[in-house]
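A.B. asks: Let me begin by handing over the structure; questions about it come next.
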Amino acid sequence: EFHPKHPKIDYVTYRLALSYFNQLPDTIDRDLSLADKSILYFDEVLNSYPNSEFVKEAKEKRLEALGKLASKEMYVARFYSKHEKFDSALRRFENVLKTYPNLGFDSEALYGAAKSAFETGEKERAQQHLKNLYSLFPASDEANRAKNEFKKYGAN
C-alpha cells in the first residue's frame, strides 16, 4: 500500500495470494472462505501485472481454489438432492453453472438442476437444463441417464 510502484509489487501480491491459498484445508467439507481471498489476490496479479513471472502460477493456483469452491458447492447440492430438498439442490446446481463454469462439473450440474427442477414442478426450467445438457454434453453419462430417467416427467 505504501509503495504501489515498487518493482517487486507483483511478487508481494502473489505471496499474499499464496499465503491465503496455503491455509486452505485439504478437504472441501471445511471452511473455504480463504479461497475467496486468495482468488482476489491471484486476480490482482493476473490483471495488474500481466507480464509478471508469477502469472502462470497464479492462474494455476486460482483455478485450484475455484475448483475447491465448486467441489464444495456440488457436495452441498448432492446432499440436498439425496435428501430430496430439491428447491435447495436446484439453487446450488444452478450456482455451480453460473459461478463455476468449465471446471468439470457442468454436465453433472445440468443433470442435477434438471432433475431438481422437474421434482419442484418447474418443467420449463428443467427442459432448458436438459436442452443445455444434450447440446453441450451429448455423449456424457448424465445425458444418457437423463434420456432414460426423465421420460417419467414427460421430458423429450
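A.B. asks: Report yes if Ala109 is under 26 Å from Leu63 (Cα atoms), touching a helix residue (DSSP H, G or I) at 6+ places or on another chain (Cβ under 8 Å) and in contact (Cβ under 8 Å) with a residue 12 or more places away in the chain, otherwise no.
C.D. replies: Considered against the rule, which asks whether it is under 26 Å from Leu63 (Cα atoms), touching a helix residue (DSSP H, G or I) at 6+ places or on another chain (Cβ under 8 Å) and in contact (Cβ under 8 Å) with a residue 12 or more places away in the chain, Ala109 comes out as yes.
A.B. asks: Any chance you could count how many residues in the stretch 125-140 are open to solvent by 40 Å² or more (accessible area, probe 1.4 Å), within 16 Å of Pro101 (Cβ to Cβ) and among the hydroxyl-bearing types (Ser, Thr, Tyr)?
C.D. replies: 1
A.B. asks: Are any residues in the stretch 141-156 open to solvent by 20 Å² or more (accessible area, probe 1.4 Å) and assigned to a helix (DSSP H, G or I), and if so, which ones?
C.D. replies: Asp141, Glu142, Asn144, Arg145, Lys147, Asn148, Glu149, Lys151, Lys152, Tyr153
A.B. asks: Output the number of residues of the stretch 105-140 satisfying the condition of being touching a Ser or Thr at 6+ places or on another chain (Cβ under 8 Å), part of a helix (DSSP H, G or I) and farther than 15 Å from Asp87 by Cα.
C.D. replies: Total satisfying the criteria: 3.
Here is a yes/no grid of residues against (1) modelled with pLDDT under 95; (2) under 21 Å from Leu133 (Cα atoms):
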residue: Asp10; (1), (2): yes, no
residue: Tyr41; (1), (2): no, no
residue: Tyr49; (1), (2): yes, no
residue: Thr99; (1), (2): no, yes
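So that you can scan it fast, the table gives a plain yes or no per residue for (1) in contact with an Asp or Glu (Cβ under 9 Å, 6 or more places away or on another chain); (2) farther than 25 Å from Asn47 by Cβ; (3) β-branched (Val, Ile, Thr):
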{"site": "Leu66", "(1), (2), (3)": "no, no, no"}
{"site": "Ser81", "(1), (2), (3)": "yes, yes, no"}
{"site": "Phe86", "(1), (2), (3)": "yes, yes, no"}
{"site": "Thr99", "(1), (2), (3)": "yes, no, yes"}
{"site": "Gly104", "(1), (2), (3)": "no, no, no"}
{"site": "Tyr111", "(1), (2), (3)": "yes, yes, no"}
{"site": "Lys123", "(1), (2), (3)": "no, yes, no"}
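The values are calculated or read from the model by the stated rules, or taken from the named source; none is laboratory data. Everything numeric here is computed off the predicted structure, so don't read it as measured data. Because the Cβ atoms are built from the backbone with ideal geometry, glycine has one as well, and the counts that use them run over all protein chains shown. For accessibility, only protein heavy atoms count, side chains too; no ligands or nucleic acids. Shrake-Rupley method; radii C 1.70, N 1.55, O 1.52, S 1.80 Å.
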